[in-house]
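The values are calculated or read from the model by the stated rules, or taken from the named source; none is laboratory data. Just so we're clear, the structure is a prediction, and the values are computed from it rather than from any experiment. Note that we place each Cβ from the backbone using ideal geometry, even for glycine, and neighbour counts take in every protein chain shown. All accessible areas refer to the heavy atoms of the entire protein, side chains included, with ligands and DNA or RNA removed. Shrake-Rupley method; radii C 1.70, N 1.55, O 1.52, S 1.80 Å.
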Amino acid sequence: MSLFAAFAAFDITPAIGMDIPGGFSPRPGTGVSMPLQARAAAFENLGSSLIIIGVDAVSLNFDTANAIKAEISAATGLAPRRIAIVASHTHSGGPANAVLGTDANPAYLAELVAGAAKAGITAWRQRQPATLATGSHDCPGWAFNRRWLGKDGKHHTNPGKCNPDMLHPAGPADPEVAVIAVRDQKGNLLGMIANFACHSTVISQGEFSPDYCGYWEKQLQARYGQSAILVFLNGACGDINQIDFSVNSKRESGPEHAEKMAAALADAADNALAGKSFDPDPVLSWAGADVAITYRPLSSEQLAADRALVSSDAPWNAAKWQARDRLLLAEEISGRWSIPCPVDVYGIGSTAIAAAPWQPFCAFGLELKAIAPKRVMVAMLANGNIGYVPTPEAFLGGGYEPTHCRGSRHTPDTGDIISQASQQLLKIVLK
């Protein structure tokens with residue numbers, strides 16, 4: 001037996017009263033529906049090592065992700081690029097990143113960095129002889145494309161249920177649940193890495209919550225023991241959420257829906273592993289590259305209009321928050337036209353995790369999976385955050401996601417650049 005592995009988790013729940021990002025305006029947390037966690041999986045085999053960390057956060061900027069990596073690297077000796085930091089994109093998390101009207105909280109960021117680093121270091125130090133299995137199974141009916149083509153020829157985000165002015169979804173969805181499961185020598189489940197593509201917007205109350213992935217971990221623990229940990233990697237869900245806009249008969253939000261969704265995802269994970277043998281000697285690998293991506297230019301006319309709107313007495317609606325965000329984006333860019341974007345692929349047994357700091361539309365995820373069906377997890381918001389990455393067609397169609405602000409700041413070719421780099425790296429890891 002060559003594989004050594006372990007899982008660990010650390011609480012990163014903010015203090016009550018801290019802001020919950022993910023909406024247009026700040027939303028103070030009124031309580032804790034379910035604790036937020038940083039969950040880590042550590043692997044070592046024949047001198048090759050990886051640490052994969054899932055963080056209950058809407059997103060993490062590059063400085064935060066790199067700070068977590070630096071602490072873990074210093075304590076473990078692993079190269080930072082062999083450590084993945086992936087945000088779950090929960091819209092009920094703490095103030096971990098600046099999102100529209102909500103700014104990051106420095107005090108919380110310090111706690112998050114310390115907690116995520118501790119999870120990774122603890123998992124590394126607790127690694128033990130283990131076996132591993134991978135698989136995937138479809139779980140349809142729980143994630144849907146939230147952009148619809150209207151009769152006006154434009155794309156509309158969250159258009160309302162059974163809207164007579166809508167024709168059909170403007171893009172695909174991805175029902176696949178992919179899992180990597182790890183057992184100890186006695187056959188006990190230590191944990192899973194799981195991948196599913198859906199916005200974490202099922203829980204929209206004013207309390208902190210990891211959203212449906214937290215309920216999924218509860219299902220895992222009910223089935224395999226309280227010590228089992230679920231490291232969740234959200235997939236290519238930039239245009240995907242849990243709402244079926246074609247029917248009026250369902251309410252797809254709240255704890256009851258999260259429980260049902262989690263049970264279905266847990267069933268799919270069990271089916272993915274049914275009959276699979278657990279390997280004591282899986283290959284661990286990594287390949288990475290930095291690619292240049294370009295900012296969309298901000299015109300002086302647009303910025304002048306934004307300044308006028310922000311300084312006006314107009315109510316703080318979506319347009320005003322977005323105007324504020326563009327002004328902050330202009331400060332952030334500060335004359336730069338491009339940035340290096342890290343693209344990484346982590347190989348664990350017969351599955352590769354394609355990780356990048358994008359929030360890609362589903363079509364990009366399906367494109368990556370097509371080169372090696374059922375063997376690729378697409379981990380979005382990994383190792384940083386560059387915002388939404390719509391398809392070139394979506395930029396033409398319009399809607400919320402391509403709206404120019406800090407959450408959607410790069411040129412329409414960005415998705416193709418990251419996808420092509422990921423495909424080349426996947427070929428290296430999956431050879």
Listed by first then second residue, the pairs whose first member lies in the stretch 184-196 and is under 15 Å from Phe4 (Cα atoms) and without any contact (Cβ under 8 Å) to a residue 60 or more places away in the chain, whose partner is in a strand (DSSP E or B) and open to solvent by 20 Å² or more (accessible area, probe 1.4 Å), with beta carbons under 8 Å and at least 6 positions apart or on separate chains, are Asp184/Gln128; Asp184/Pro129; Asp184/Leu190; Leu189/Arg183
When every residue in the stretch 102-136 that is touching a Lys or Arg at 6+ places or on another chain (Cβ under 9 Å) and not in a helix (DSSP H, G or I) is compared, the one nearest to Ala15 (Cα to Cα) is Thr102
Those residues of the stretch 288-312 which are touching a Ser or Thr at 6+ places or on another chain (Cβ under 6 Å) and open to solvent by less than 50 Å² (accessible area, probe 1.4 Å) amount to Ile293, Arg296
Tell me yes or no: at least one residue of the stretch 168-178 is of a type in the set (A, V, I, L, M), modelled with pLDDT of 95 or more and under 30 Å from Tyr108 (Cβ atoms).
no
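Quick grid of which residues meet (1) at pLDDT 95 or above; (2) open to solvent by less than 30 Å² (accessible area, probe 1.4 Å):
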residue	(1), (2)
Lys369	yes, yes
Met380	yes, yes
Asn383	yes, yes
Glu401	yes, yes
Pro412	yes, no
Lys431	no, no
Check whether at least one residue in the stretch 216-230 is under 17 Å from the mean Cα position of the chain (by Cα) and either farther than 28 Å from Pro28 by Cα or not in a helix (DSSP H, G or I) (or both), and report yes or no. yes
Discussion item. Suppose the filter is among the aliphatic types (A, V, I, L, M) and within 16 Å of Ala236 (Cβ to Cβ); does Leu327 pass it?
Written reply: no
Expected output for the stretch 393-412 (first residue on the phi > 0 side of the Ramachandran plot and part of a loop (DSSP other than H, G, I, E, B), partner surrounded by 21 or more Cβ atoms within 10 Å (Cβ to Cβ) and of a type in the set (Gly, Ala, Ser), Cβ below 9 Å, 6+ apart or cross-chain) is Gly399/Ala170
Being open to solvent by 10 Å² or more (accessible area, probe 1.4 Å) and hydroxyl-bearing (Ser, Thr, Tyr) narrows Ser59, Ser33, Ser92 down to just Ser33
Requested in this report: Kindly establish whether Ser49 is small (Gly, Ala, Ser) and open to solvent by less than 10 Å² (accessible area, probe 1.4 Å).
Outcome: no
Across (1) in a strand (DSSP E or B); (2) open to solvent by 20 Å² or more (accessible area, probe 1.4 Å); (3) within 29 Å of Phe10 (Cβ to Cβ); (4) hydrophobic (A, V, I, L, M, F, W, C), Ala181 clears everything bar (2)
Restricted to the stretch 151-170 and to residues being at positive phi and of a type in the set (Gly, Ala, Ser), the residue most open to solvent (accessible area, probe 1.4 Å) is Gly153
Val247 vs (1) open to solvent by less than 60 Å² (accessible area, probe 1.4 Å); (2) touching a strand residue (DSSP E or B) at 6+ places or on another chain (Cβ under 9 Å); (3) more than 26 Å from Ile418 (Cβ to Cβ): all pass except (2)
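A quick yes/no check of all residues on (1) of a type in the set (Gly, Ala, Ser); (2) in contact (Cβ under 8 Å) with a residue 60 or more places away in the chain; (3) out of contact with any Lys or Arg (no Cβ under 6 Å at 6 or more places or on another chain); (4) under 28 Å from Phe364 (Cβ atoms):
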| site | (1), (2), (3), (4) |
| --- | --- |
| Glu207 | no, yes, yes, no |
| Pro210 | no, yes, yes, yes |
| Gln242 | no, yes, yes, yes |
| Ser249 | yes, no, yes, no |
| His257 | no, no, yes, yes |
| Ala262 | yes, no, yes, yes |
| Asp267 | no, yes, yes, yes |
> Hey, any hits in the stretch 265-277 for a residue that's surrounded by fewer than 17 Cβ atoms within 10 Å (Cβ to Cβ) and of a type in the set (A, V, I, L, M, F, W, C)?
Replying inline: yes
Per the list (1) in contact with a helix residue (DSSP H, G or I) (Cβ under 8 Å, 6 or more places away or on another chain); (2) assigned to a loop (DSSP other than H, G, I, E, B); (3) more than 17 Å from Trp286 (Cα to Cα), residue check on Lys374 breaks on (1)
Quiz prompt | Trp142 being in a loop (DSSP other than H, G, I, E, B) and closer than 30 Å to Pro14 by Cα | solution = yes
Within the stretch 36-46, residues being at pLDDT below 95 and either in contact with a Lys or Arg (Cβ under 6 Å, 6 or more places away or on another chain) or open to solvent by less than 50 Å² (accessible area, probe 1.4 Å) (or both) number 0
